[in-house]
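The values are calculated or read from the model by the stated rules, or taken from the named source; none is laboratory data. None of the values given here were measured: they were computed from a predicted structure. In this analysis, Cβ positions are derived from the backbone assuming ideal geometry, glycine residues included, and neighbour counts consider all displayed protein chains. Heavy atoms of the whole protein, side chains included, go into the accessibility calculation; ligands, DNA and RNA do not. Shrake-Rupley method; radii C 1.70, N 1.55, O 1.52, S 1.80 Å.
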Number of protein chains: 2
Amino acid sequence: GTGLVQLVGAGPGELGLLTVRGLRAIEAAEVIVADRLGARAVLDQLETERGRPLDAEIVDVGKHPGHHAVPQEGIIALLVELGRAGRRVVRLKGGDPYVFGRGGEELAACRAAGVDVEVVPGITSAISVPAVAGIPLTHRGLATAFTVATGHDQIAELGGGRDHTVVLLMGVGTLANSATTLARGERGAGCPVAIVEDGYGAGQRVTIGTLGTIAAQAARRGVRSPAVVVVGDVVRLSPYAPAELAVD
Amino acid sequence: GTGLVQLVGAGPGELGLLTVRGLRAIEAAEVIVADRLGARAVLDQLETERGRPLDAEIVDVGKHPGHHAVPQEGIIALLVELGRAGRRVVRLKGGDPYVFGRGGEELAACRAAGVDVEVVPGITSAISVPAVAGIPLTHRGLATAFTVATGHDQIAELGGGRDHTVVLLMGVGTLANSATTLARGERGAGCPVAIVEDGYGAGQRVTIGTLGTIAAQAARRGVRSPAVVVVGDVVRLSPYAPAELAVD
């Protein structure tokens, strides 16, 4: 038979935020190639809810403590091999396959190898992790656009003020630099910032400050990856915002 | 009893892209307050798949041909009234409640009125509609950040080049202006642009050109709302891209 590779977005790591189509793909899969904490967490929750293991063989290609992740070339080679062997494969990725998920590369490789492949969108952490902290990325009177970037990349050239929300993924390591850069522009040092660690996970924690204070706060609280950083006036809507920042 | 209002993101209008939690909320609701084409389409597909109507009463507050939409104040008043009456309510919104969905306003109003309220994220059209045209918002070597805005707002101050993807929602009416403005910057008139009309709907159609040509193409093809506009080198990955723009 002909194989099929489905690149499925697992969402932020909560079974309820998987899509209906993603769930059906997982239940029909023969092999699941899972990466990242979010994807693995969804499979664990699904098996708990079912009360029995999934039928599929699960290949875990994410990072483990003490182990390196399988490199991207290895993942692509595996998907192509499984697809050519006629297997029904789910490639389960945290968030959305097309938002910093390298889904485009995996799609292109499968297609070039003659393997049927499709993308099933997922809920990106860029939007859903701020949401779990009560922060909408847009809000009438507070924000009318948003930008998503990783770490420090492309922050320097980014225009806009506090009504243009900025979301940084994988931004903990470069937080001090990013905050300094963003504070230099129209946003200023008083612009509100939230860090949401381990969104939807057991270690979920929200830290709120300003571009001028956030790096010191993060150091003091020992903020760690995975975390999503949100910059802009929408942060004031969070129930975690201190009184001096909060919207009345 | 105490009421509950759930602000549920319906996704782009395909039942399979509703979340598991969103589906369960709809099935448990007593009243569903639905707006926009996307939300209504999902309910129709769900009733077709079940083979019988939903148990909930459906209140349609979206625009119909010849009718105005219920104004936002009226929707908020309805949610608060239903919640206070102890009803279990789903407020079903196209895309994600927190991305140009005015979910933050509805949440704040319910909370202020003492009505229990929660947000269930959905798949935003800003990401999933480009995806259905084969366009990832980020891609190694082609794009490392993306910005989502409506129409012409905040386009002028937006920095970045073709590796910073721009998504315009509700941008058909202002397309010519937006394209001219974006072409003035680092992106240039040759920067690829895609318009995806009626994503996931019966009238889905993809038009691809450049910032220099897209307004004339859109006029010639009679491009209409709802449509998502994507600007940047990622457009070259679409199978709809003409040979001279396509990535080899």
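Does A:G134 satisfy being outside the structural domain of A:R36 (by TED's automatic domain parsing), closer than 21 Å to A:G171 by Cα and either at pLDDT 95 or above or not aromatic (F, W, Y) (or both)? So A:G134 fits the description; yes. In the set (1) in contact with a Lys or Arg (Cβ under 9 Å, 6 or more places away or on another chain); (2) in a loop (DSSP other than H, G, I, E, B); (3) not β-branched (V, I, T), the condition left unmet by A:G86 is number (1).
Regarding A:L137, is this residue open to solvent by less than 20 Å² (accessible area, probe 1.4 Å) and closer than 23 Å to A:V247 by Cα? Yes.
Given the condition in a strand (DSSP E or B), outside the structural domain of A:F100 (by TED's automatic domain parsing) and within 30 Å of A:L15 (Cβ to Cβ), answer yes or no: does some residue in region A:168-179 qualify? Taking every residue of region A:168-179 in turn, at least one turns out to be in a strand (DSSP E or B), outside the structural domain of A:F100 (by TED's automatic domain parsing) and within 30 Å of A:L15 (Cβ to Cβ).
Every residue, every condition in (1) over 29 Å from B:L107 (Cα atoms); (2) surrounded by 16 or more Cβ atoms within 10 Å (Cβ to Cβ); (3) without any contact (Cβ under 8 Å) to a residue 12 or more places away in the chain, yes or no:
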| site | (1), (2), (3) |
| --- | --- |
| A:Q204 | no, no, no |
| A:G212 | yes, no, no |
| A:V231 | no, yes, no |
| A:A243 | no, no, yes |
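Every listed requirement among (1) within 12 Å of chain A (Cβ to nearest Cβ); (2) open to solvent by 40 Å² or more (accessible area, probe 1.4 Å) is met by B:P71 save one, (1).
Take B:R84 and tell me if it is assigned by TED's automatic domain parsing to the domain that holds B:D35 and surrounded by fewer than 23 Cβ atoms within 10 Å (Cβ to Cβ). It is true that B:R84 is assigned by TED's automatic domain parsing to the domain that holds B:D35 and surrounded by fewer than 23 Cβ atoms within 10 Å (Cβ to Cβ). In the set B:V61, B:V89, B:V8, only one residue is within 13 Å of chain A (Cβ to nearest Cβ) and closer than 30 Å to A:G141 by Cα; that residue is B:V8.
Selection of region A:124-134 for residues being within 11 Å of the chain's Cα centre (by Cα) and either of a type in the set (G, A, S) or surrounded by fewer than 24 Cβ atoms within 10 Å (Cβ to Cβ) (or both) yields A:S125, A:A126, A:S128. Among the residues here, A:L182 qualifies as of a type in the set (A, V, I, L, M, F, W, C) and open to solvent by less than 30 Å² (accessible area, probe 1.4 Å).
Taken over region B:18-47, residues that are outside any strand (DSSP E or B), away from every other protein chain (no Cβ under 14 Å) and over 16 Å from the mean Cα position of the chain (by Cα) amount to 4. Whenever a residue of region A:161-172 is under 10 Å from A:V231 (Cα atoms), its partners that are of a type in the set (F, W, Y) and outside any loop (DSSP other than H, G, I, E, B), lying with C-beta atoms within less than 6 angstrom and at least six residues away or across chains, give the pairs A:T165/A:F146.
Against the definition (of a type in the set (S, T, N, Q), modelled with pLDDT of 95 or more and in contact with a helix residue (DSSP H, G or I) (Cβ under 7 Å, 6 or more places away or on another chain)), how does B:T147 come out, yes or no? For B:T147, the condition - of a type in the set (S, T, N, Q), modelled with pLDDT of 95 or more and in contact with a helix residue (DSSP H, G or I) (Cβ under 7 Å, 6 or more places away or on another chain) - is not met. Output the residues belonging to region B:91-112 that are outside any loop (DSSP other than H, G, I, E, B) and without any contact (Cβ under 8 Å) to a residue 40 or more places away in the chain. Scanning region B:91-112 gives B:G104, B:E105, B:A108, B:A109, B:R111, B:A112.
Of all the listed residues (B:V119, B:V148), the sole one being in a strand (DSSP E or B), within 7 Å of chain A (Cβ to nearest Cβ), touching a Pro at 6+ places or on another chain (Cβ under 7 Å) and hydrophobic (A, V, I, L, M, F, W, C) is B:V119. Among the candidates B:V193, B:V206, B:V223, B:V247, the residue that is assigned to a loop (DSSP other than H, G, I, E, B) and away from chain A (no Cβ under 14 Å) is uniquely B:V223. For A:G161, the conditions (1) under 18 Å from the mean Cα position of the chain (by Cα); (2) facing another protein chain (nearest Cβ under 10 Å) all hold with the exception of (1).
In region A:7-43, the qualifying residues are those that are open to solvent by 10 Å² or more (accessible area, probe 1.4 Å) and in contact (Cβ under 8 Å) with a residue 60 or more places away in the chain, and the one that is farthest from A:V99 (Cα to Cα) is A:A28. Out of region B:209-220, which residues are among the small types (G, A, S) and either assigned to a strand (DSSP E or B) or closer than 16 Å to B:T147 by Cα (or both)? Across region B:209-220, the qualifying residue is only B:G209. Among B:A56, B:A34, B:A39, which is the only one that is farther than 17 Å from B:E106 by Cα and of a type in the set (G, A, S)? Only one candidate qualifies: B:A56. In the set (1) open to solvent by 60 Å² or more (accessible area, probe 1.4 Å); (2) within 11 Å of B:R162 (Cβ to Cβ); (3) in a loop (DSSP other than H, G, I, E, B), B:P239 fails one condition alone, (2). Residues in region A:95-116 that are among the small types (G, A, S) and within 14 Å of chain B (Cβ to nearest Cβ) were compared, and the one that is nearest to A:T19 (Cα to Cα) is A:G95. Scanning region A:134-145 for residues that are touching a residue at least 40 places away in the same chain (Cβ under 8 Å), more than 7 Å from chain B (Cβ to nearest Cβ) and not β-branched (V, I, T) gives A:G134, A:L142, A:A143.
With respect to the stated conditions, B:A77 is open to solvent by less than 60 Å² (accessible area, probe 1.4 Å), in a helix (DSSP H, G or I) and at pLDDT 95 or above.
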